[in-house]
Amino acid sequence: MPALGYGTYPITGDEGVAVFGRAIEDGYRMLDSAASYGNETEVGAAVRESSVPRSELFVTTKLRGESHGRDETLKAFEGSLTRLGLDYVDLYLIHWPLPRLDRYVDTWRAFVELREEGLVRSVGVSNFMPEHVDRLVDETGVVPAVNQVEMHPYFPQPAQRAYDAGRGIVTQAWSPLGRKSDLLGNETLDDVAYEVGVTPGQAVLRWHVQHGSVPLPKSEDPTRMAQNLDVFSFSLSEEQMGRLDGIATGERVGGHPLEHEEF
Ligand SMILES: NC(=O)c1ccc[n+]([C@@H]2O[C@H](COP(=O)([O-])OP(=O)(O)OC[C@H]3O[C@@H](n4cnc5c(N)ncnc54)[C@H](OP(=O)(O)O)[C@@H]3O)[C@@H](O)[C@H]2O)c1
């Protein structure tokens with residue numbers, strides 16, 4: 001899996017196909033989509049129209065809440081694959097655990113079937129807390145390859161990352177730039193970025209890479225798209241990493257996995 005991916009939400013339509021195509025031309029190799037983003041058709045079109053071979057691209061999509069349950073999952077996946085127009089998906093994620101429904105274990109069994117059929121290369125989860133992953137593993141014996149969770153310097157998720165690492169699960173970071181919070185205007189971040197000679201966005205994305213998480217930044221701006229990918233030619237010192245760790249507020253920009261419901 002690439003060490004950084006392109007976040008596709010909420011980009012749709014013809015503009016979406018063009019932006020995703022530009023992302024691939026820029027050098028992004030992983031596109032993060034979801035059934036609920038309404039852009040699988042556009043992501044698939046960009047992948048099929050690209051001159052980069054399919055085998056070098058990594059396509060992720062996610063199961064929406066209304067499709068939890070074994071049979072529902074198999075049907076929903078068929079829809080995703082049809083919209084994408086691809087032969088397989090690289091990574092399929094359960095978008096949210098929806099603990100109130102209590103169907104994520106059945107959903108997971110269907111994910112494992114899809115992987116065994118070769119329609120999905122890897123299966124994983126999103127917004128799963130340790131208690132949810134523990135249940136999957138206890139009841140099916142199959143460990144998710146990836147857990148995609150909210151993570152940025154204001155909400156750095158040290159316990160979740162340690163848990164994931166202990167299970168051999170890769171942590172992907174959504175809203176890696178803190179979405180619309182004031183993170184990118186933070187003074188400490190600004191100082192660190194200035195010292196290194198990069199933009200605040202690049203310093204944050206480098207912080208993710210050095211923590212071993214896989215960030216999925218979203219940008220529609222050509223300059224920022226290119227900058228966000230250019231985070232492998234410099235590094236932050238331990239001291240600079242520590243200063244960025246120190247700006248954590250514990251505040252989320254998105255929903256809490258125990259409460260958030262979207263269908
Ligand atoms: N699994 C889940 O439940 C879940 C939830 C939320 C998101 N996601 C995924 O994570 C991706 C990213 O999350 P997100 O869109 O919420 O947040 P984000 O990537 O942290 O932030 C995106 C915002 O930052 C701006 N931006 C991007 N690069 C910048 C830079 N270098 N400097 C300044 N501003 C910059 C973008 O505007 P411009 O476009 O104008 O640059 C946009 O307003 C989504 O696209 C989606 O794929 C997953």
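A short reminder: the numbers here are calculations on the coordinates, not readings from a lab. Given the structure is predicted, the values throughout are model-derived calculations rather than measurements. Counting neighbours? That spans all protein chains shown, and the Cβs are built from the backbone with ideal geometry, glycine included.
Observations, loosely collected:
- Kirkwood estimate for segment 95-217, i.e. one over the average of 1/r between Cα atoms, Å: 15.7 Å
- DSSP-defined beta bridges in segment 6-176 - what % are antiparallel, rounded to 5: 5 percent
- Long-range amide H partners of His95 with built H, under 5 Å: Leu63
- Stokes-Einstein diffusion for segment 6-176, with the hydrodynamic radius set to the Kirkwood value over Cα pairs and evaluated at 37 °C in a medium of 0.692 mPa s, equals 202 µm²/s.
- Residues whose placed amide H lies under 5 Å from that of Gln172, excluding near-sequence neighbours: Asn147, Gln148, Val149, Val214
- Extension reserve of the Glu251-Asp26 stretch, reckoned as 0.36 nm per residue once the Cα distance is removed: 77.8 nm
- Charge tally for Ser122 (other residues, Cβ to Cβ under 9 Å; Lys, Arg +1; Asp, Glu -1): +1.
- Peptides 163-169, 150-156, 44-50 ranked from most to least packed, by the mean per-residue count of other Cβ atoms within 10 Å: 150-156, 44-50, 163-169.
- Diffusion of segment 170-259 by Stokes-Einstein, at 20 °C in a medium of 1.002 mPa s and with Rh set to the Kirkwood radius over alpha-carbon pairs, works out to 158 µm²/s.
- Based on C-alpha pairs under 8 angstrom that are at least 6 apart in sequence, the chain has a relative contact order of 19 percent.
- In degrees, nearest ten, helix 70-84 long axis to first principal axis of the chain (Cα): 60 degrees
- Computed from label points 7 Å out along Cα-Cβ, the spacing between Glu261 and Arg70 is 2.5 nm.
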